[in-house]
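Novice: Pasting a structure below so you can have a look.
Since every read-out is calculated from the coordinates, none of them should be taken as a lab result. Note that the structure is a prediction, hence the values are computed from the model and not measured. FYI the Cβ positions are ideal-geometry reconstructions off the backbone, even for glycines, and counts take in every protein chain you see.
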Amino acid sequence: MARYVINALNKKSRINKEIYGHFSEHLGRCIYEGIYVGENSPIPNINGMRKDVTEALRNLKIPVLRWPGGCFADEYHWMDGIGPKEKRKRMVNTHWGGVVEDNSFGTDEFMELCRQLECEPYVNGNLGSGTVEEMQNWVEYMTFDGISPMAELRSKNGHEKPYRLKYFGIGNENWGCGGNMRPEFYADMYRRYQTYVRNFGENKIYRIACGPNTDDYEWTDTVVRLAGRFMDAITLHYYTVTGPSWENKGSATRFSEDEWYITLYKTLRMEELVTGHIEIMNRHDPKNRIGLIVDEWGTWFDVEPGTNPGFLYQQNTLRDALVAGINLNIFNKHSDRVVMANIAQMVNVLQSVILTEGDQMILTPTYHVFDMYKDHQDATLLESYIETSTIGSNGNTVPNLHESVSLSADGKLHITLCNLSLEEDCRIDTEIVGFSPKSGKGRLLSGNMADHNTFEAPDNIKPSAFDSFSLTGKGLTMEIPAKSVVCLTLEQ
Ligand code: AHR
């Protein structure tokens, strides 16, 4: 029996709904096919966006969507993607599969997608290969309300009113695909570019600097020290890679019990990374003004056999669900500094919530976790502590349980719990201080470790009702099955 204590009297930070954000890049079949099929497609669509996909995403209450990359962002020239489609430039997507990019999905289409999803746009600008003027003009095109060359151009393209744009990223992975810069050089470039990212009228841009890869603490230290006062947030990228190298990342669906634990062990590293980068930020920014945005996270496996290696198309199993549950718990727990996170990527790329094939669509186990966790959005994190035991195989040890708890504005308490063990169900004795539950409702995602949905069996793995709990005078007891994600909502 594990002891679990929730202290509803100790209300901590607000869990920014943007922690449940997504990322869509011009990569493989994410934008084209996965989201955008064009107005003339036989696949049912609204203004070119597939209806099945946008409906499923609306159900998740997606708060924010990052676009157009990724590495693609630092090669993207936004002017190529506006105006009459037949006149738009065609280019080769050198990073991702060497396919032709016809620019039929550009700024106005992205804003239309965000309108349909009812989410905030997060546009990532090109600092690696674009000019300052180009970045300045892009922001003017999107947000200026008045007489200006860019506002006129927008108007000519059928969008008289400016868009509302809050989140703007100034470069992506500029330590790598975004220009191979040193942190000192990037800090200076950032200072220069951000100067011309203007606030027009009521529109206030939240400026996001490119942060480190994984544990590059020197990058965070240097960039925040030299440019911190010019930024609202800095990013962090960390992918869960199971295999020993980028050439051998392991299969998404065929894996051993050892690989189950290796994956979870590696994903738990997010805790160490977030803590480490926050410690550095605390030194330079003790008042906690600058946010940390984990705008690329998730599993990265070998592509599905027979698919273009540059398209990063991978399947998604119960193991991915555990990865999602653990990371979202970590972000919730650090929501005093982690203001946004964006899983990579939304559709058909890496750890997707949706996979498509022609006119078919399936929801992945990761989708179901986002659905089960959505009540945390904008709720208040509560203090909580769970007793764990160490499990695992061949040195890849992990705690058996992982959790977070929040209280939403309607007075409901939300618990999300992961049981990482492949074998052991776990009985949990929960004491809740300052909240007396009178009723509860839960959902459970569990199965065999490699269970996944396919186009032939789309509901192979999906949540079911969770009722293995009983309310006690001081809280509740619950029985959490092995390899599962559980969410529980309690009312008093
Ligand atoms: O998400 C795929 C790629 O991973 C992104 O383009 C890049 O930023 C990162 O290296």
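Novice: Any idea what the relative contact order of segment 351-399 is, in percent, if you count C-alpha pairs under 8 Å spaced at least 6 apart?
Specialist: Values: 29 pairs, mean separation 9.9, N = 49.
Relative contact order comes out at 20 percent.
Novice: A further question on this structure: When you count, for each residue, the other Cβ atoms within 10 Å and take the mean per peptide, how do 474-484, 145-155 rank with the highest first? Can you show the working numbers first?
Specialist: Details: 474-484: 19.1, 145-155: 14.7.
Most protected by this proxy first, the peptides run 474-484, 145-155.
Novice: Given only helices, namely DSSP H runs of n ≥ 4 each adding -39500 (n - 2.57), what is the per-residue ellipticity at 222 nm of the chain, to the nearest 500 deg cm²/dmol? The partial results should precede the final answer.
Specialist: Numbers: 10 runs with 116 residues, N = 492.
For the chain, the value works out to -7000 deg cm²/dmol.
Novice: Counting only other residues whose beta carbon sits under 15 Å from that of residue 389, what net charge do I get with K and R as +1, D and E as -1? Write down the numbers at each step before the final one.
Specialist: Details: positive: 3, 427; negative: 387, 403, 423, 424, 425, 429.
So the surrounding residues net to -4.
Novice: Tell me, Kirkwood radius of segment 350-492 from alpha-carbon pair distances, in Å?
Specialist: Numbers: mean 1/r = 0.0610 Å⁻¹.
For segment 350-492, inverting the mean 1/r across all distinct Cα pairs yields 16.4 Å.
Novice: Let me check I've understood the local charge: for residue 167, count other residues with C-beta under 10 angstrom from its C-beta, Lys and Arg +1, Asp and Glu -1. What total comes out? Write out the running numbers ahead of the final one.
Specialist: Numbers: positive: 66, 166, 207; negative: 18, 120, 232, 295.
So the surrounding residues net to -1.
Novice: While we're on this one: Determine by what factor the alpha-carbon radius of gyration of segment 187-336 differs from 2.2 N^0.38 Å, reporting the quotient.
Specialist: Working: Rg = 17.9 Å, N = 150, 2.2 N^0.38 = 14.8 Å.
Normalised by 2.2 N^0.38 Å, the Cα Rg of segment 187-336 equals 1.22.
Novice: Where does segment 217-269 land on Rg/Rh, using Cα atoms and the Kirkwood Rh? Mind dumping the intermediate values first?
Specialist: Values: Rg = 16.5 Å, Rh = 13.6 Å.
When Rh is taken as the Kirkwood radius, the ratio is 1.21.
Novice: Same structure again: Cα centroids of segment 148-179 and segment 266-329: how far apart, whole angstrom?
Specialist: 26 Å
Novice: Using the Karplus equation 6.51 cos²θ - 1.76 cosθ + 1.60 (θ = phi - 60°), what ³J(HN,Hα) coupling, rounded to whole Hz, does each residue of segment 386-391 give in order, writing x for Gly and Pro?
Specialist: 10, 7, 10, 10, 8, 10
Novice: Shifting gears a bit: Within 10 Å of each candidate Cβ there may be at most 12 other Cβ atoms; applying that plus a DSSP loop requirement, which GluC sites (Glu not before Pro) in segment 193-281 survive? Intermediate values should be presented prior to the final figure.
Specialist: On the way: sites: 202, 218, 247, 257, 259, 271, 272, 279; in loops: 202, 247.
Of the GluC sites (Glu not before Pro), the ones in loops of segment 193-281 whose Cβ has at most 12 other Cβ atoms within 10 Å are 202, 247.
Novice: Another question about this same structure. Give me the number: length gained by fully extending residue 218 to residue 147, i.e. 0.36 nm times residue separation minus the C-alpha to C-alpha distance, one decimal in nm. Kindly include the intermediate steps, with their values, before the conclusion.
Specialist: Working: separation 71, 0.36 × 71 = 25.56 nm, distance 4.38 nm.
Gain on extension, residue 218 to residue 147, equals 21.2 nm.
Novice: Sorting check: for 308-315, 331-338, which peptide has the highest mean count of neighbouring beta carbons within 10 Å, and how do the rest follow?
Specialist: Most protected by this proxy first, the peptides run 331-338, 308-315.
Novice: Okay, moving on. By the gyration tensor of its Cα atoms, with a ≥ b ≥ c the square roots of the eigenvalues, what is the shape of segment 40-86: rounded for a/c under 1.5, prolate for a/b over b/c, or oblate? Write out the running numbers ahead of the final one.
Specialist: Numbers: a/c = 2.96, a/b = 1.27, b/c = 2.33.
Here segment 40-86 falls in the oblate category.
Novice: Got the relative contact order for segment 17-121 handy, in percent, Cα pairs under 8 Å and 6 or more residues apart? Mind showing how you got there, number by number?
Specialist: Working: 148 pairs, mean separation 29.6, N = 105.
After rounding, I find 28 percent.
Novice: Taking the Cα centre as origin and putting +1 on Lys and Arg beta-carbons and -1 on Asp and Glu beta-carbons, what dipole magnitude results for segment 294-340, to the nearest 20 debye?
Specialist: Numbers: 3 positive and 6 negative charges, 41 e Å.
It comes to approximately 200 debye.
Novice: Let me ask something else about it. Take residue 462 and residue 196, extend 7 Å from each Cα along the Cα→Cβ direction, and tell me the distance between the two endpoints in nm.
Specialist: 5.1 nm
Novice: Continuing with this model, one more query. P(r) for segment 382-435: what percent of alpha-carbon pairs falls in each 5 Å bin, starting at zero?
Specialist: With a bin width of 5 Å, the distribution comes to 4, 16, 26, 20, 14, 10, 6, 3, 1, 0.
Novice: Taking Cβ-Cβ under 4.7 Å as the only way to count a partner, pick out the unpartnered cysteines of the chain.
Specialist: 30, 114, 119, 210, 418, 426, 487, each lacking another Cys Cβ under 4.7 Å.
Novice: Grab the Cα-Cα distance for residue 449 and residue 80, subtract it from 0.36 nm times how many residues apart they are, and report the gain in nm with one decimal.
Specialist: On the way: separation 369, 0.36 × 369 = 132.84 nm, distance 4.46 nm.
Taking residue 449 through residue 80 to full extension adds about 128.4 nm, to one decimal.
Novice: Are there GluC sites (Glu not before Pro) in segment 371-426 that DSSP puts in a loop and that have at most 13 other Cβ atoms within 10 Å, and which ones? Spell out each step's value before the answer.
Specialist: Numbers: sites: 383, 387, 403, 423, 424; in loops: 387, 423, 424.
Qualifying residues, ordered by number: 423.
Novice: While we're here: Which distance in Å, rounded to a whole number, links the C-alpha centroids of segment 77-119 and segment 413-446?
Specialist: So the separation of the two Cα centres works out to 44 Å.
Novice: Is the C-alpha gyration tensor of the chain telling us rounded, prolate or oblate? Criteria: a/c under 1.5 is rounded; beyond that, a/b larger than b/c is prolate, otherwise oblate. All intermediate terms of the calculation are to be shown ahead of the outcome.
Specialist: On the way: a/c = 1.66, a/b = 1.45, b/c = 1.15.
It comes out prolate by the Cα gyration axes.
Novice: With an 8 Å Cα cut-off and a minimum separation of 6 or more residues, compute the relative contact order for the chain in percent.
Specialist: Working: 1165 pairs, mean separation 92.9, N = 492.
Averaging sequence separation for qualifying contacts and normalising by length gives 19 percent for the chain.
Novice: Nothing charged except the Cβ atoms of Lys and Arg (+1) and of Asp and Glu (-1): what's the magnitude of the dipole of segment 70-147 about its Cα centre? Round to the nearest 20 debye. The partial results should precede the final answer.
Specialist: Values: 6 positive and 15 negative charges, 59 e Å.
Dipole about the Cα centre, nearest 20: 280 debye.
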